[in-house]
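Chemist: Got a structure here, written out as structure tokens. Questions coming.
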Amino acid sequence: MLKRFFSYYRPYKKLFILDFTCAVFAGLLELAFPVAVNQVIDKIMPRKEFRIILLACLALFLFYVLNTILQYIVVFFGHKLGVNIETDMRRELFAHLQTQPYEYYDNQKTGKLISRLTTDLFEISEVAHHGPEDVFITIMTLVGAFLLMLNTHAKLALATFAVLPLITIALVFFNKKMTNVNTRIYEDLGEFNAGVEASVSGIRVTQSFANEEYEYHRFGGLSEAYRKSKILFYRIMAISSAYNYLLIRLINLFTLIFGSYYVIQGELTNGQFVGFILLANVFVRPIEKVNNMIESYPKGIAGFKRLTEELDKKPNIVDRPNALNVTHLAGNINYDDVSFSYADGKKVLNHVDLTIKTGETVAFVGQSGSGKTTLCNLLPRFYEVTDGKITIDEIDIRDMTLASLRNQIGIVQQDVFLFPGSIRENIAYGRLDATNEDILTAAKLAHLEGVLEQMPEGIDTQIGERGVKLSGGQKQRVAIARMFLKNPPILILDEATSALDTETEQVIQESLNSLAKGRTTMIIAHRLASIKHATRIVVVSSDGILEQGTHEELMEKGGAYRNLYEAQFRK
């Protein structure tokens, strides 16, 4: 894991070297100060030349100024290094999340993923900055101070050093416990964020059912679990800090007691004694820093473990080696003995055979859960077929790159998703390089002109999160305009007009019919009146395709389709 962690430093070698080098020099200067004070007291002060003392103090002041500059570099550029690494990790994680298929998100909570992209990575950033230099400086300062103390007075140095193993044991013990607790904290924080995200997103439902009290208590439960985890963390940290504080003060006490004894015995000069006390303070400073390390390092380590666990979840839908980058497909689609089951073993499609010719408009109907949407979701490889294969223009879709395949398919889904921003930005999402004229044309084709005229800022009107400022029909039309702009050879319409009133639906349906000419169109339908125009209607069930044909043919046949139709229009 360490090798993987340090791989993130490679792009910032110069920044790391600058930070690390300055930190080392700052640590060495800290060691030089006690030695300098020792010399001033023992060699300069006895000469009683105040001018020389002032010069020595001036030299020490210059040392302090230099160390101040080094400290600035360490703090600023060190944190810059940490932020750069944090940003790279965040980008890598976000790119990884974008490669995951639908099935992955079926089992994830948005709040947990947000937590991994934010809180986890902030803690990793702190460790990335402080980690290597703190460990090295701590060891260097401890060893350097001990050698200088040993050179000053061996017996006193050994007495001072005797407490260090106890601190080391405590460090290892508490660090392990706090890493485990931090892993639990991150899990609780993820649940907490997921609960908050769900509550805020569903506030309209909450208020419509007058369930504010229930949501308040549910939030309280999540908040309490997070609170308890943090309290446990700080309890362990407090015990660790108190334990280390006592041992550090024992070092100072030992130095004072034994140092005074050796001065009285004539084994230490006053200058050596003062210098030794200053060295002891330098010696304990990195030990005090260990307390901060115990707080931040377990958080960073736990966060990095969660990051690597996430990055190691390989997407099960990826480009094959040497996959084709298709630029234009005619739209001949063939489902060859296709079966599909979810990861939990639930079977949705069973040995489906279906051919759709270029330019056909094929509507899929059936009971809820019969597999209509799944059948269409397999085409752009949002899910992967369990058995069989799907081809377009006689090319297996798994032999095409995901990006080029999906660029050939336009989708208007039943659950319309609009991004925060303007209507223009949401339409432009269909083709990011579209001109203003292209966007306005797409809006016109989707019959958005009347809507835009009523908006305060027209096409640049802000629509809020998920388009909350628009009606259901308006959101659907923005989504349709986005699809018009993409202008692909294959269309998938998942109840594209379901949120529109009857009059508007007729107008939009005419536009969709116009767009569908010369293109292969797949329609997932519940309102059977909207698909009478389809070239072919396919009735889907859990057992596969029951029947297919035109509206008239299926009505005359008197089978499953007629039953559905009559059930829907029975008064």
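Chemist: When Leu81 is evaluated against the numbered criteria (1) modelled with pLDDT under 80; (2) touching an Asp or Glu at 6+ places or on another chain (Cβ under 7 Å), which criterion, by number, is the only one it fails?
Modeler: (1)
Chemist: Quick one: count up the residues across the stretch 294-323 that are in a loop (DSSP other than H, G, I, E, B) and either of a type in the set (A, V, I, L, M) or surrounded by 21 or more Cβ atoms within 10 Å (Cβ to Cβ) (or both).
Modeler: 3
Chemist: Tell me which residues, restricted to the stretch 369-401, are touching a residue at least 40 places away in the same chain (Cβ under 8 Å) and of a type in the set (S, T, N, Q). Steps first, please.
Modeler: Step one: filter the stretch 369-401 for residues touching a residue at least 40 places away in the same chain (Cβ under 8 Å), giving 369-373, 375-395, 398-401.
Correct list: Ser370, Thr373, Asn377, Thr386, Thr391, Thr401.
Chemist: Could you list all residues from the stretch 531-546 that are under 28 Å from Glu510 (Cβ atoms) and not aliphatic (A, V, I, L, M)?
Modeler: Matches in the stretch 531-546: Lys532, His533, Thr535, Arg536.
Chemist: Just checking, how many residues over the stretch 101-116 are under 14 Å from the mean Cα position of the chain (by Cα) and buried (at least 17 other Cβ atoms within 10 Å of the Cβ)?
Modeler: Residues meeting the conditions: 5.
Chemist: How many residues, within the stretch 327-349, are surrounded by fewer than 18 Cβ atoms within 10 Å (Cβ to Cβ), touching a strand residue (DSSP E or B) at 6+ places or on another chain (Cβ under 9 Å), of a type outside the set (Phe, Trp, Tyr) and more than 14 Å from Ile390 (Cβ to Cβ)?
Modeler: Final tally of qualifying residues: 3.
Chemist: Taking the residues in the stretch 1-42 that are surrounded by 14 or more Cβ atoms within 10 Å (Cβ to Cβ) and β-branched (Val, Ile, Thr) as candidates, determine which candidate is farthest from Val274 (Cα to Cα).
Modeler: Top of the filtered list is Thr21.
Chemist: What's the total number of residues in the stretch 241-259 that are free of Cβ contacts under 8 Å to residues at least 12 places away in the same chain and closer than 13 Å to Ala159 by Cα?
Modeler: Of the residues in that region, 2 qualify.
Chemist: Across the stretch 117-129, which residue is nearest to the chain's Cα centre (by Cα) among those that are of a type outside the set (A, V, I, L, M) and under 18 Å from Lys305 (Cβ atoms)?
Modeler: Thr118
Chemist: How many residues, within the stretch 324-355, are within 19 Å of Pro488 (Cβ to Cβ) and either touching a helix residue (DSSP H, G or I) at 6+ places or on another chain (Cβ under 7 Å) or not in a strand (DSSP E or B) (or both)?
Modeler: 9
Chemist: Find the helices (runs of 4 or more DSSP H) located wholly in the stretch 1-112 whose residues include 1 or more that are of a type outside the set (Gly, Ala, Ser), in contact with a Leu (Cβ under 8 Å, 6 or more places away or on another chain) and farther than 30 Å from Pro380 by Cβ, and list them.
Modeler: 13-39, 50-99
Chemist: Okay, next question. Name the one entry in Phe20, Phe61 that is touching a Pro at 6+ places or on another chain (Cβ under 7 Å) and either among the hydrophobic types (A, V, I, L, M, F, W, C) or not assigned by TED's automatic domain parsing to the domain that holds Phe273 (or both).
Modeler: None of the others qualify; the one that does is Phe20.
Chemist: Quickly run through the stretch 460-483 and pick out the residues that are touching a residue at least 12 places away in the same chain (Cβ under 8 Å), hydrophobic (A, V, I, L, M, F, W, C) and surrounded by fewer than 22 Cβ atoms within 10 Å (Cβ to Cβ).
Modeler: Ile463, Leu470 - these are the residues of the stretch 460-483 that are touching a residue at least 12 places away in the same chain (Cβ under 8 Å), hydrophobic (A, V, I, L, M, F, W, C) and surrounded by fewer than 22 Cβ atoms within 10 Å (Cβ to Cβ).
Chemist: Separate question: Can you name the condition, by its number, that Asp460 falls short on among (1) farther than 13 Å from Leu418 by Cβ; (2) modelled with pLDDT under 85?
Modeler: (2)
Chemist: Taking the options Ala479, Ala516, name whichever one is modelled with pLDDT under 80, in contact with a strand residue (DSSP E or B) (Cβ under 6 Å, 6 or more places away or on another chain) and under 20 Å from Ile409 (Cβ atoms).
Modeler: Exactly one residue qualifies, and that residue is Ala516.
Matching residues to (1) of a type outside the set (S, T, N, Q); (2) more than 19 Å from Asn38 (Cβ to Cβ); (3) crowded, with 18+ Cβ neighbours inside 10 Å:
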{"site": "Lys230", "(1), (2), (3)": "yes, yes, no"}
{"site": "Phe233", "(1), (2), (3)": "yes, yes, yes"}
{"site": "Ile236", "(1), (2), (3)": "yes, yes, yes"}
{"site": "Ser240", "(1), (2), (3)": "no, yes, yes"}
{"site": "Leu247", "(1), (2), (3)": "yes, yes, no"}
{"site": "Asn252", "(1), (2), (3)": "no, no, no"}
{"site": "Gly259", "(1), (2), (3)": "yes, no, yes"}
{"site": "Gln265", "(1), (2), (3)": "no, no, no"}
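The values are calculated or read from the model by the stated rules, or taken from the named source; none is laboratory data. Note that the coordinates shown come from a computational prediction; the quantities given were computed from them, not determined experimentally. No Cβ is skipped: glycine too gets one built from the backbone with ideal geometry, and neighbour counts run over all protein chains shown.
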